[in-house]
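Written below as structure tokens is the structure these notes are about.
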Amino acid sequence: MNLSLNNNITAVKQFLKNKVYKPYFQTNYYFKANLRSPQSTPLVPPIIITGIYRSGTTLTTSLVEKIGVDMGPENHKCRGSGELGNLNPEGFQENFLINDLGRYILHFAGGSGVRLPNEVKVCSIDLHSLSDADFAYYSEAELNDDRIAPKVRREVLRHYGVSRLNQYFCDYFDTSCWGFKDVHCGVYMPVYLKMWSGSKFVCVVREPSSFLKSALNLSGGASINTWVDYYHRAIQFEENAQIYWVIYESLLNREKEVIRGLIAFIKGQKPEQDDDIEPVMSLISKRKVNHKNESYGGIERASILYEKLKQKSVESMKRYLN
């Protein structure tokens, strides 16, 4: 009886999705966008901050913005409110459109943030081939993220959607030096490289036990295996992508060295003197990282990978500071 009822509810939801909501989004959300002239001006490649969620990407994004990278209007960023507000009370430093797009890419490929999709399938996605109506439905009806004002979400989706990303960035960002945070794209960097060739990625890594302890506050499905899978995939993209590796613990304890390398990576030249980095360093809370290793399944394998990533971080700083 319960199974039959569940099947009927699922069927009704599917009917409403395909016959009511999607046609509504298609008809009412994109008529203005279709009248706009296509965006043909090539954009300067963006600076993209990534790294698995709960790894220090919000702090790193704030630093990158302070360095001079435009992250878009404040009212388009996910606020520190709603169901997730207690995790980052001051905000998440992520543009809601990119956040929703990242989650949609994982969903489209059959995965999620805690259950990563097939590598080949997710990396083969072409943003130009995604449906505006499907994306609008996913953003409005399935995600309905309460960290963004509904009016802002609706206006952006109506005028841009996923097919007008470049126009959106041109209208709202200073595209001479711009970027965004997407915690999911560590597993699909090639998707963005197809869209914006020459993109630079700042990949943040947090010690695996610390990550899991924090991530479990967000999702009960978080696991060390997801952490390992995520960064194994990110490493594979190094051959074709410019990646600056940031170890979160080093960012807090050796901030001057990490920030100097980060500025050199973004601007193409290292800062001349310490005065140049003081405004950026002021964003970092002066605190010592005290961490006690927890006993989690798979932690030994993760620890080996973490040591490898720490070495990559050191190599990143040397490469851009020498």
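Assess whether Lys256 counts as being surrounded by fewer than 19 Cβ atoms within 10 Å (Cβ to Cβ), modelled with pLDDT under 95, in a helix (DSSP H, G or I) and not aromatic (Phe, Trp, Tyr). For Lys256, the condition - surrounded by fewer than 19 Cβ atoms within 10 Å (Cβ to Cβ), modelled with pLDDT under 95, in a helix (DSSP H, G or I) and not aromatic (Phe, Trp, Tyr) - is met.
Looking at Arg158, is it surrounded by 19 or more Cβ atoms within 10 Å (Cβ to Cβ) and out of contact with any strand residue (DSSP E or B) (no Cβ under 6 Å at 6 or more places or on another chain)? So Arg158 does not fit the description; no. The number of residues in the stretch 68-112 being surrounded by fewer than 21 Cβ atoms within 10 Å (Cβ to Cβ) and assigned to a loop (DSSP other than H, G, I, E, B) comes to 15.
So is Val187 of a type in the set (Val, Ile, Thr) and closer than 21 Å to Phe265 by Cβ or not? Steps first, answer last, please.
Values: of a type in the set (Val, Ile, Thr): yes; closer than 21 Å to Phe265 by Cβ: no.
No, not satisfied.
Residues in the stretch 120-146 that are closer than 14 Å to Pro190 by Cα, in contact with a helix residue (DSSP H, G or I) (Cβ under 6 Å, 6 or more places away or on another chain) and part of a helix (DSSP H, G or I): Cys123, Leu127. Residues in the stretch 181-199: is at least one small (Gly, Ala, Ser), in contact with a Leu (Cβ under 9 Å, 6 or more places away or on another chain), modelled with pLDDT under 95 and surrounded by 16 or more Cβ atoms within 10 Å (Cβ to Cβ)? Taking every residue of the stretch 181-199 in turn, none turns out to be small (Gly, Ala, Ser), in contact with a Leu (Cβ under 9 Å, 6 or more places away or on another chain), modelled with pLDDT under 95 and surrounded by 16 or more Cβ atoms within 10 Å (Cβ to Cβ).
Put simply, of Ile235, Ile263 the only residue that is part of a helix (DSSP H, G or I), in contact (Cβ under 8 Å) with a residue 60 or more places away in the chain and farther than 27 Å from Ala215 by Cβ is Ile263. The set of residues in the stretch 129-150 being without any contact (Cβ under 8 Å) to a residue 40 or more places away in the chain and of a type in the set (A, V, I, L, M) consists of Leu130 alone.
The values are calculated or read from the model by the stated rules, or taken from the named source; none is laboratory data. Since the structure is predicted, the reported quantities are computational estimates derived from the model, not experimental observations. Using ideal geometry, Cβ is built from the backbone for each residue, glycine included, and neighbour counts are taken over all protein chains shown.
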